[in-house]
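Report on one structure; see the data block that follows.
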Amino acid sequence: MTPEEFRAAGHQLVDWIADHRGRIPDLPVAAQVEPGQVAAGLAPHAPETPEPFEKVLGDLDRVVVPGITQTQSPHFFGWFPSNASLASVLGDVASSGLGALGITWQSAPALTEVEQVVVGWLRELTGLPDDWHGVIQDTASTGILVALLAARERASGYSAARGGLQAQERPLVVYTTAQAHSSTPKAVLLAGYGQENLRYVEVDTVTYAMRPEALKLAMAEDVAAGRTPAAVVASVGTTGTTAVDPVREIVAVAAEHRAWVHVDAAMAGSALLLPEMRSLVDGVEGADSLGWNPHKWMGTILDCSLLYVRDPDQLVRVMSTNPSYLRSGRPERDGDVVQYKDWGIPLGRRFRALKLWFHLRLDGVEAIRARLRRDLENARWFADQVAAEPGWRVLAPVTLQTVCLRHEPAGLDPASEGAALDAHTLRWAGAVNDGGRAFVTPAVLDGRWMVRVSVGAEATERADVEELWALLKEVVRRPAA
């Protein structure tokens with residue numbers, strides 16, 4: 001494809017994207033395909049000769065769009081927000097068009113330095129400590145893994161340079177709660193700690209937040225048994241209920257054992273853009289790292305996750321690679337610049353910072369803050385409606401923009417007829433999603449199924465939340481099939 005052919009096709013694609021965004025509110029929210037249906041709609045073999053661009057766009061409409069759950073829909077209330085602001089889409093296009101090779105500073109100085117600037121902007125905007133430093137990862141899952149690798153090495157005296165974990169006499173232990181995101185136990189396994197050295201600390205039965213006294217006891221028991229507390233993953237905005245672990249108290253307990261504290265604020269980090277929400281991470285200055293995803297609630301298109309660390313030298317010591325072919329031949333300069341290849345797992349990296357740069361410059365921070373406050377207000381309004389309606393219950397504190405609820409029909413005792421209640425919950429949640437008018441997420445809390453309503457799609461207004469509430473009440477009244 002020549003630049004001129006690209007220009008013509010690019011105009012068509014931008015028009016298609018704009019038209020698609022305009023019709024999203026009228027599309028079914030859940031993907032409307034059966035397993036294998038998308039693959040069956042594609043050619044069985046790659047084309048030997050070029051195809052017309054119009055045909056490719058036609059297949060986008062015919063095959064691809066029905067196979068996508070429309071997370072940009074104002075009627076999407078599932079999982080967590082996965083916004084993709086059009087301002088950041090332009091940044092993503094610019095990144096792809098530049099085709100920069102992010103290996104070392106030398107390979108693309110602008111890639112490194114734009115990233116330094118925008119992560120600095122967001123450090124300031126979220127009130128994180130002035131002396132912390134940030135890097136863009138792909139997802140919070142990678143951020144947790146990087147943090148636990150650094151924690152592993154610090155706790156083991158940097159054993160990777162010797163015999164690694166296999167040579168350690170005292171097993172290293174990681175602490176979190178059962179409410180933490182599944183990426184935490186996955187990172188524990190990938191970092192080599194082992195399933196037996198992961199502790200799920202007790203949570204408060206009302207707030208679902210980690211109990212610091214239970215953490216203190218668990219750590220003391222491990223030390224007495226000959227194990228070493230290495231890291232704590234504190235959740236700020238858990239996936240199930242958006243519970244907030246008490247960071248300050250956790251930091252104090254972990255400090256007794258020099259254990260690394262990573263704060264996972266994947267979704268909730270966006271709330272830190274609001275000064276009135278900074279108490280969510282009270283005490284964070286004593287932690288070692290924090291990760292959050294602008295590609296969730298804030299709305300920078302996937303993938304764009306921020307990892308901030310108190311001491312980047314901890315990352316560099318663990319992650320650094322310096323083969324001769326990556327040296328510039330000017331060692332005095334190599335040592336004076338940030339080499340982001342040493343701040344994470346991959347060597348090559350995309351120019352992700354452009355997505356943030358475009359998003360913040362074209363939309364402006366105040367508009368983003370206004371949208372976040374709108375979502376918080378809408379979630380509180382929705383929770384009030386649920387709490388006031390007979391037969392409905394709000395099951396967890398509404399800390400942010402997610403409401404956990406259950407419909408409990410009259411005459412059905414949750415204590416003695418739990419299985420029937422679960423079946424009822426899954427039936428009506430499935431009916432909502434299958435109907436295409438909205439999308440919600442069933443999840444298990446305290447051993448029983450409930451439904452999460454996560455308010456935060458960029459296009460969602462109060463009228464959309466009101467429409468969802470009317471739909472939920474309508475669906476539970478339908479007779480079981």
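The values are calculated or read from the model by the stated rules, or taken from the named source; none is laboratory data. The model shown is predicted, which means the values in this text are computed figures rather than measured ones. In this analysis, Cβ positions are derived from the backbone assuming ideal geometry, glycine residues included, and neighbour counts consider all displayed protein chains. Note: accessible area is taken over every heavy atom of the protein model, side chains too, but ligands, DNA and RNA are not part of it. Shrake-Rupley method; radii C 1.70, N 1.55, O 1.52, S 1.80 Å.
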Most positive-pole-ward Cα, 263, 163, 386, against dipole of the chain from beta carbon charges: 163
Protein-only accessible surface order, largest first, of 158, 200, 308 at 1.4 Å: 200, 158, 308
Peptides ranked, highest mean first, by Cβ atoms within 10 Å: ranges 108-116, 179-187, 142-150: 142-150, 179-187, 108-116
Rg [Å, one decimal], Dmax [Å, integer] - the chain, C-alpha atoms: 24.1, 78
Residues residue 380 and residue 7, FRET efficiency given R0 of 41 Å [Cβ-Cβ distance, rounded to 0.05]: 0.30
Label-point gap, in nm, between residue 258 and residue 125 - each point 7 angstrom along Cα→Cβ: 3.8 nm
Label point 7 Å beyond Cα of residue 213 along Cβ direction - residues of region 247-277 with amide nitrogen under 16 Å: 249-250, 253
Area of residue 412 that stays accessible when all protein chains are in place (1.4 Å probe, Å², to 10): 40 Å²
Dipole magnitude (debye, nearest 20) for the chain, charges at Cβ of Lys, Arg, Asp, Glu: 480 debye
Region 348-435: GluC sites (Glu not before Pro) in DSSP loop, at most 16 other beta carbons within 10 Å: 417
For region 57-160: relative contact order, % (alpha-carbon pairs under 8 angstrom, 6 or more apart): 10 percent
For region 142-234, size of Cβ-based charge dipole, Lys and Arg +1, Asp and Glu -1, in debye: 260 debye
Expected 222 nm ellipticity per residue - DSSP helices of 4 or more, -39500 (n - 2.57), all of the chain, to 500: -12500 deg cm²/dmol
Inter-site label distance for residue 56 and residue 444 at 7 Å from Cα along Cβ, in nm: 4.4 nm
Mean Cα-pair separation over length for the chain, i.e. relative contact order, pairs under 8 Å, 6 or more apart, %: 22 percent
Stretch gain in nm, segment residue 37-residue 461, where the contour uses 0.36 nm per residue and the Cα spacing is subtracted: 149.3 nm
Listed residues 400, 465, 433: farthest to the positive end of the dipole of region 385-481 (Cβ charges): 433
Region 356-481 - charge dipole about Cα centre, Lys and Arg +1 at Cβ, Asp and Glu -1, debye rounded to 20: 140 debye
Evaluated at q = 0.20 Å⁻¹: base-10 log I(q)/I(0), Debye formula over Cα of region 219-327: -1.07
Reduced Cα scattering model of region 388-450, Debye log10 I(q)/I(0), q = 0.13, 0.21 Å⁻¹: -0.36, -0.93
